[in-house]
1. Might you check whether a residue that is more than 25 Å from A101 (Cβ to Cβ), buried (at least 19 other Cβ atoms within 10 Å of the Cβ) and β-branched (V, I, T) occurs anywhere in the stretch 158-171?
2. Which is part of a helix (DSSP H, G or I), touching a strand residue (DSSP E or B) at 6+ places or on another chain (Cβ under 6 Å) and on the phi < 0 side of the Ramachandran plot, of S147, S187?
3. Which of the following residues is of a type in the set (K, R) and assigned to a strand (DSSP E or B): R208, R235?
4. Keeping to the stretch 133-156, report how many residues are farther than 19 Å from W81 by Cβ and either β-branched (V, I, T) or loosely packed, with under 12 Cβ neighbours inside 10 Å (or both).
5. If you scan the stretch 206-260, which residues turn out to be of a type in the set (D, E, K, R), under 24 Å from A175 (Cα atoms) and in contact (Cβ under 8 Å) with a residue 24 or more places away in the chain?
6. Of the residues that make up the stretch 193-202, is at least one over 23 Å from D107 (Cα atoms) and outside any helix (DSSP H, G or I)?
7. Being in contact with a Leu (Cβ under 9 Å, 6 or more places away or on another chain) and either of a type in the set (D, E) or closer than 13 Å to Q114 by Cβ (or both) is the filter here; which residues of the stretch 171-184 pass it?
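Derivation of every value follows stated rules applied to the coordinates shown; laboratory data play no part. If you're wondering where the values come from, they're calculated on a predicted model, not measured in any experiment. With ideal geometry, Cβ positions are generated from the backbone for all residues, glycine too; neighbour counts draw on all protein chains shown.
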Amino acid sequence: MAAGWVDQLREDWDAAGLRLWEKVQDPVARSWEQQFGETAAGQFEAEHRALVRELREKAAPDWQRIELTIKDVLESREGDWRAGFIPLFQGLTEEWADEWAVELGVDFALTRPQVLEFVEDYAFQFVERHQGVTRDALARTVALAHSEGWGTLEFMGQLQTLYEGWEVLRSEMIARTETIRSENAGSLAAYQVAEVRELQWWTALDDRVCAFCNALHGRKWPTGDTLFRVGDQFRVEDAVLRLNYEDVKHPPLHVFCRCTLLPVV
């Protein structure tokens, strides 16, 4: 980070301040996004290979056995997903916490407990939720195959189509969303150590910002408080966002969210 940029931003979080912030943040985000995306794509590819290896021996489709096989393979892969992503969560969260700690004049080593707590808690939640999406999608595919009378080859072809799509689309979603989550978790760790008393939600301020994030732009709240809890509904005019992933203490608010957490200093 450019030395003293926080001092410049202290005066006014205006458009000029936002451009300075993006100049500082973007290189970090893009570097880590690539690593997150490549890791996700690799995990999807390995998971697909494992399913093919277990399912290809079945000459005739036994859908109940196929469902059990899928369940077993996905459970066996959970440790690989965690092992792939824990270093990324920790590396980016630590990097961003360190940068903010330096700017705020605190010992970055003091942010380690908060960083490790985030990584340990979130890595399990990330894999559980992610694999839940995969299980649901594969369960729907098995049900469709059963009802339509597919053979094993047809089912395997659909399985390949799903995973090839996930290697691109879900990998990108994971990369963009989880880099924002890790950056903001690192920021929060530094703010807490620096005894920042108040936080502020900041959007990208462009025409791609959703109505929900736009409504949060500039909102301030006490450090340590939770903006939304799981199960809450956030209403903006006639639109409703159901918060069903985790308690929201910092961005992201939703997948592909580009918002950031700033200190009120």
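1. no
2. Values: S147 fails: touching a strand residue (DSSP E or B) at 6+ places or on another chain (Cβ under 6 Å).
Every option except S187 fails the conditions.
3. Working: R208 fails: assigned to a strand (DSSP E or B).
It is R235.
4. We begin by selecting, within the stretch 133-156, every residue farther than 19 Å from W81 by Cβ; these are 140-156.
Checking the rest, the ones that are also either β-branched (V, I, T) or loosely packed, with under 12 Cβ neighbours inside 10 Å (or both) come to 140-142, 147-149, 152-153.
Residues that pass the stated criteria total 8.
5. Within the stretch 206-260, R208, E246, K249, R258 qualify.
6. The initial filter retains those residues of the stretch 193-202 that are over 23 Å from D107 (Cα atoms), namely 201-202.
Next, only the ones that are outside any helix (DSSP H, G or I) stay: 201-202.
Looking for residues that are over 23 Å from D107 (Cα atoms) and outside any helix (DSSP H, G or I), one finds at least one in the stretch 193-202, hence yes.
7. Result: E178, S182, E183, N184.
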